[in-house]
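This report refers to the structure that appears directly beneath it.
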Amino acid sequence: MAVMWSVIFYTVAAVAAFYFILLRPVLQQQKQQKAAVRALRIGDEVVTSGGLIGEVKDIVQPVDGPTEIILEIANGVRVRAVTEAITRRLTTLEDVPEEHEKQQEASQPSA
């Protein structure tokens, strides 16, 4: 009887360890990536899974199928990409908060 309980205990412990060490961080990262893609705006600079760096020029949401993003990778060169191909956002055209600017100015040594 004690052997059965120890086998059950170790099995449950192994499944819990697998979840917390391997699966949960990956799921959290995927959730953060999806949230970042949903927050994309025109003018953001992004990196695709293929390594292309481009500026978002348009976001197309068809009735059926995945959401597409039009990227400008060079002057006059535009490509279509699905949102799943966006790995991260580099910059955005949003205004920098004044507090952040003041902190940067204060941290720079005066000449």
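Values quoted throughout were computed directly from the atomic coordinates according to the rules given, and no laboratory measurement underlies them. This is a predicted model, so every value here is computed, not measured. With ideal geometry, Cβ positions are generated from the backbone for all residues, glycine too; neighbour counts draw on all protein chains shown.
Okay, here's what the table says:
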| read-out | value |
| --- | --- |
| In the stretch 34-85, trypsin sites (Lys or Arg not before Pro) in a DSSP loop with at most 15 other beta-carbon atoms within 10 Å | Arg41 |
| Residue order, fewest to most beta carbons within 10 Å, for Asp64, Asp58 | Asp64, Asp58 |
| Relative contact order of the stretch 19-62, pairs being alpha-carbon contacts under 8 Å that are 6 or more residues apart, as % | 26 percent |
| Residue-count net charge about Glu68 - beta-carbon cut-off 9 Å; Lys, Arg +1, Asp, Glu -1 | 0 |
| Residue order, fewest to most surrounding Cβ atoms within 10 angstrom, among Arg89, Arg24 | Arg24, Arg89 |
